[in-house]
Amino acid sequence: MRVALAQIAVEGAAVDANVERAVTAIREAASGGADLVCLPELFNVGFFAFDAYQREAEPLDGPSLSAVREAAVEADIAVLAGSIVEDLAETEGGPDEDGLANTSVLFDSDGERLLAYRKHHLFGYESAEAQLLTPGERVPTAELGGFTAAVTTCYDLRFPELYRELVADGVDLLLVPSAWPYPRVEHWKLLPQARAVENLAYVAAVNGSGKFDDAELLGRSAVYDPWGTPVASTGDQPNIVYADLDPERVATVREEFPALDDRRHQLANTRDT
């Protein structure tokens, strides 16, 4: 499966322009032979545009995700809509509660919604996310391109226990849309790689590019193989990163180096996928 990380420029609160960039990137990734294209966290409104969260919140069938879904179908490509601010009360069949969530949606090439992931760990350090949003409770998985895939979002990378739970669910591909800012470059380089190494899984971490009033996204989207080796990466400017992933590679690495079999503290697998 060829994966494309769409490191688009994200402008604070400029939803129409950001969605247009996302749709253009989806088409370009499809032209580049990608089977799946991933967009950054809050690709439509911008993570640091906190004042716009309430105003620009949408249900899962709102205009931003509808545009992405339509582009996926037209281009015949699966799309991870990196995330939007979801209006929980307006989403039909959602968690049946009020409030807002940081929600990523994975569509297949037919436009079918394979999963919706609501960010579990909300950032509080110099950020209003934890005050404005509601954390998610479920971590769904989906079958795509021979992989069992799951989504986590940005700050989730700092909580490795979440990834152990996903491994227990058979996950071998982790998609991580993010809005990671300067100056924490080394953290961004380390954490996705560590999650790949310790879980013997592919990790595809897509970041945005762009400046806000008090922050600048550092880009550097990358894909790591199950040994933690970077197989594709880029700098801090807008770009599309391509990587060819092989599900058999995960099985081979886990057989050659069966560290997961040596875990002494197994997590109870009680979540609904």
With each label point set 7 Å from Cα along the Cα-Cβ vector, what nm distance links Glu112 and Glu20?
3.4
Give me the log10 of I(q) over I(0) for the range 90-134 at q = 0.14, 0.33, 0.34 Å⁻¹, as the Debye formula computes it from C-alpha points; what are the numbers?
-0.43, -1.20, -1.23
Calculate the spin-label point distance for Glu143 paired with Asp96, positioning each point 7 Å from the Cα along the beta-carbon direction, and give it in nanometres.
2.9
Pop the C-beta distance of Glu28 and Glu70 into the FRET formula with R0 = 25 Å and round what comes out to the nearest 0.05.
0.95
Within the range 133-273, what whole-number % of the accessible surface is contributed by carbon and sulfur, with the 1.4 Å probe and all protein chains included in the calculation?
48
In degrees, nearest 10, range 0 to 90: what is the angle between the Cα axis of helix 63-75 and the longest Cα principal axis of the chain?
60
Separation of the range 17-89 and the range 169-243 by C-alpha centroid, Å?
18
Can you pull the Rg over Rh of the range 1-93, Cα-only, Kirkwood?
0.97
So if R0 is 30 Å, what FRET efficiency would Asp261 and Arg2 give, r being the distance between their Cβ atoms, rounded to the nearest 0.05?
0.50
Counting only heavy atoms of protein chains, what accessible area per residue, in Å², does the chain have with a probe of 1.4 Å?
42
To check you understand DSSP bridge types, tell me what percent of the beta bridges within the chain (both residues inside) are antiparallel, rounded to 5.
65
Under the rule a/c < 1.5 gives rounded, and otherwise a/b versus b/c splits prolate from oblate, where does the range 43-163 land using the Cα gyration tensor?
oblate
With every protein chain left in place, what is the accessible area of Lys211 in Å² (1.4 Å probe, nearest 10)?
150
In whole percent, how big is the carbon plus sulfur part of the accessible area of the range 6-53, probe 1.4 Å, protein atoms only?
44
Quote to one decimal, in nm, the extra length available between Ala168 and Ala128 on full extension: 0.36 nm per residue of separation minus the C-alpha distance between them.
11.2 nm
Compute the Cα gyration tensor for the chain, then decide on rounded, prolate or oblate, letting a ≥ b ≥ c be the square roots of its eigenvalues: rounded whenever a/c is under 1.5, prolate when a/b is larger than b/c in the other cases, and oblate in all that remain.
rounded
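The values are calculated or read from the model by the stated rules, or taken from the named source; none is laboratory data. From a predicted model like this one, the values you see are computed outputs, not experimental measurements. Reconstructed Cβ throughout: ideal geometry from the backbone, glycine too, with neighbour counts over all protein chains shown. For accessibility, only protein heavy atoms count, side chains too; no ligands or nucleic acids. Shrake-Rupley method; radii C 1.70, N 1.55, O 1.52, S 1.80 Å.
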